[in-house]
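Have a look at the structure below, then the notes.
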Amino acid sequence: AQKITQTQPGMFVQEKEAVTLDCTYDTSDQSYGLFWYKQPSSGEMIFLIYQGSYDEQNATEGRYSLNFQKARKSANLVISASQLGDSAMYFCAMRERDTGFQKLVFGTGTRLLVSP
Amino acid sequence: NAGVTQTPKFRILKIGQSMTLQCTQDMNHNYMYWYRQDPGMGLKLIYYSVGAGITDKGEVPNGYNVSRSTTEDFPLRLELAAPSQTSVYFCASSYSGATNEKLFFGSGTQLSVL
């Protein structure tokens with residue numbers, strides 16, 4: 001079974017608008033962490049935001065926020081006020097205690113295109 | 001700060017050749033990882049290390065070997081390259097394996113096996 005599911009292969013948004021990138025996860029562990037990484041066309045992986053399974057508040061980092069719905073096992077990334085530089089691949093990833101915290105498992109990614 | 005440095009950036013191998021992908025980090029991180037990213041897919045863990053002298057297999061270790069003789073270096077060895085190993089390879093590091101510990105990635109190595 002897929003541990004991390006990103007159902008949107010591609011998303012389009014106009015500059016200055018908000019966009020939500022979906023991520024659902026599968027785990028029976030109580031202790032886990034969820035990450036979002038950005039991969040621009042240059043190829044490097046850039047950490048954006050982290051949400052722990054015990055965190056009561058949704059994580060925020062500047063224009064990025066994580067809409068964490070534990071019961072639904074979803075961890076959607078919200079980008080507010082999109083910029084042209086936000087065009088990139090976005091990956092959701094998870095660490096679980098039971099499979100070893102060393103193992104960060106990635107989804108297949110969503111390609112975001114921001115238009116002027 | 002250099003962070004995580006990978007070399008080479010690009011390489012073309014013939015089937016059956018061998019090569020070593022180099023990875024070094026200057027952040028004194030204990031944990032290091034090798035991932036591969038196939039076209040249109042997410043990253044898959046090949047091998048990881050929790051400290052010098054300690055390595056373990058990830059999700060897709062077949063056809064690869066690693067060693068960790070120092071904290072800084074974590075080379076990945078491909079023996080008898082096959083077309084299925086055509087991929088982009090990322091080295092990463094983190095200070096610990098804590099739940100909230102983010103990974104720092106290198107810029108990747110694009111490998112083609114023809």
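Which lysines does residue B:44 reach when only Cα atoms under 22 Å apart count, and residues fewer than 8 places away in its own chain are ignored?
Qualifying lysines at Cα under 22 Å: A:3, A:38, A:73, A:103, B:9, B:57, B:102.
Compute the distance from the alpha-carbon center of segment A:46-116 to that of segment B:53-92, in whole Å.
27 Å
Under the definition of partner shielding as Cβ atoms of other protein chains within 10 Å of a residue Cβ, what is the mean value for peptide B:35-41?
3
Rounded to the nearest 20 debye, what is the charge dipole size of chain B about its Cα centre when +1 sits on each Lys and Arg Cβ and -1 on each Asp and Glu Cβ?
Numbers: 9 positive and 8 negative charges, 59 e Å.
Value, rounded to 20: 280 debye.
Taking the DSSP beta bridges in chain A as the whole, what percent of them are antiparallel, to the nearest 5?
The antiparallel proportion sits near 85 percent.
Quick one: Karplus J couplings for segment A:44-57, per residue in order, coefficients 6.51, -1.76, 1.60, θ = phi - 60°, nearest Hz, x for Gly and Pro?
3J(HN,Hα) across segment A:44-57, in whole Hz: 6, 9, 10, 5, 10, 7, 10, 9, x, 5, 9, 6, 7, 9.
In whole Å and largest first, what semi-axes does the C-alpha gyration tensor of chain A yield when each eigenvalue is scaled by 5 and square-rooted?
Semi-axes from the Cα gyration tensor: 24, 15, 12 Å.
Take the eigenvalues of the Cα gyration tensor for the protein assembly as shown, scale each by 5, and report the square roots as semi-axes in whole Å, largest first.
29, 21, 16
Roughly what percent of Cα-Cα pairs across chain B reach past 18 Å?
45 percent
Nothing charged except the Cβ atoms of Lys and Arg (+1) and of Asp and Glu (-1): what's the magnitude of the dipole of segment A:1-69 about its Cα centre? Round to the nearest 20 debye.
With only Lys, Arg, Asp and Glu charged at Cβ, the dipole is about 160 debye.
Each value in this text was obtained by applying a stated rule to the coordinates, not by laboratory testing. Source: prediction; values computed, not measured. Here the Cβ is made from the backbone with ideal geometry for all residues, glycine too, and neighbour counts use every protein chain on show.
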